[in-house]
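A quick write-up on the structure given underneath.
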Amino acid sequence: MGRKEGTEDTRIRVAVSGSMADLRRMQSVLNRFWQSSELAYGYLLSTMGSEMEDEERPTAEVLGHIQSEAWYPNNQGRIKHGDTIGQTLAQVRENTVHVFRATLISFFAAFEAYLEAEVKRPKRRDGPWGPYVRSLVSLRAADSPLPLRVVLCADVCREVRNRMVHESFKVPKSLDEACLNEWKDRLRRHALGADWPEREVDEELNYAFNHVIGQASNLVEEAKKQDKTLSIEFFYMLFSFTNLDSLAFAIEEAIQPLHSRPGGEVLRKPEAVRRKDLVVSAA
């Protein structure tokens, strides 16, 4: 949607690396992916005609006129998609959750590609980039050091991503789930092991879990009160966009030389920019 008449765009244009600009572009691509996919599913479900009333009819018979790779035959010449139209429509109703998960996981891949390009790779046996509270600890010594809150919010999103990948897509639905105690203990150990101040660690861990898990579960419940069904994966996807973008920009503020113009530009709210020397202009 465009800007409403009578309102002002308060964002400012900020100089960043080309990698950060690429990350923003990928975020735009992924936003369009989940939005257009959900619209396509919604359109199909809202335009079901009489030809779909018999749920036992083969999908290929009902929708075979649509150009789709679903009709590409296997090695024996048979169409791979053998579901009935009832089965297909049931799958379409479930697909948005899978789209949100795929979008979240894809954005993490783009974010870690950004880290590979802009941050010195840490030497770790268990993978270079996580938890971020440990793998990015060297940037605490920068003139504009990483804020612990920003790092931990990204780390909580990373735990959600890992849960999706390794636990059959299971994610926490509320702050009461037992797995969160394990996550919090693990992140606390890594943070203290990286010499973050203990009092700050405990305070910011509580904030991060409430900000990501607590806020997501609250928004799902608020939607129910309005007779809407929104999956918690939808909010985890949105929060991952926001928190990883915030961490990437904090990294930019930590690594860019004073008064630099590193080659890329992004828009950002003025209050979210600490390095005023990176400001190019008002948007």
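The values are calculated or read from the model by the stated rules, or taken from the named source; none is laboratory data. Worth saying up front: this structure is predicted, and the values here are computed from it rather than measured. For neighbour counting, all protein chains shown are included, and Cβ atoms are generated from backbone atoms with ideal geometry for every residue, glycine included. Each accessible area value is taken on the protein alone, full model and side chains, heavy atoms only, with ligands, DNA and RNA left out. Shrake-Rupley method; radii C 1.70, N 1.55, O 1.52, S 1.80 Å.
Couple of notes before you dig in:
- Test: Thr103 is under 27 Å from Ser231 (Cα atoms) and open to solvent by 60 Å² or more (accessible area, probe 1.4 Å): no
- Complete set of residues in region 193-215 that are without any contact (Cβ under 8 Å) to a residue 12 or more places away in the chain and in a helix (DSSP H, G or I): Glu198, Arg199, Glu203, Asn206
- Verdict on Arg93 being open to solvent by 60 Å² or more (accessible area, probe 1.4 Å), touching a Leu at 6+ places or on another chain (Cβ under 8 Å) and closer than 25 Å to Trp34 by Cα: yes
- Contacts under 9 angstrom Cβ, first residue in region 50-73 being over 13 Å from Ile85 (Cα atoms) and of a type in the set (Ser, Thr, Tyr), partner open to solvent by 60 Å² or more (accessible area, probe 1.4 Å) and modelled with pLDDT under 85, 6 or more apart: Tyr72/Ile79; Tyr72/Lys80
- Criterion violated by Leu258 - all others in (1) in contact with an Asp or Glu (Cβ under 8 Å, 6 or more places away or on another chain); (2) open to solvent by less than 50 Å² (accessible area, probe 1.4 Å) satisfied: (2)
- Taking each residue of region 87-103 that is in contact (Cβ under 8 Å) with a residue 24 or more places away in the chain and looking for partners that are open to solvent by less than 20 Å² (accessible area, probe 1.4 Å) and of a type in the set (A, V, I, L, M) with beta-carbon atoms closer than 6 Å, six or more apart or interchain, yields Phe100/Met237; Arg101/Met164; Thr103/Leu30; Thr103/Met237.
- The set of residues from region 121-176 being under 26 Å from Glu198 (Cβ atoms), in contact (Cβ under 8 Å) with a residue 12 or more places away in the chain and charged (D, E, K, R) comprises Arg134, Arg140, Asp143, Arg149, Asp155, Arg158, Glu159.
- Among residues of region 143-192, those that are assigned to a helix (DSSP H, G or I) and either at pLDDT below 95 or under 14 Å from the mean Cα position of the chain (by Cα) (or both), counted: 15
- Among the residues of region 7-64, those identified as farther than 21 Å from Val279 by Cβ and outside any helix (DSSP H, G or I) are Thr7, Thr47, Met48, Gly49, Glu53, Asp54, Glu55, Glu56, Arg57, Pro58, Gly64.
- Test: residue in region 216-235 that is within 16 Å of Arg158 (Cβ to Cβ), of a type in the set (A, V, I, L, M) and either at pLDDT below 95 or open to solvent by 70 Å² or more (accessible area, probe 1.4 Å) (or both): no
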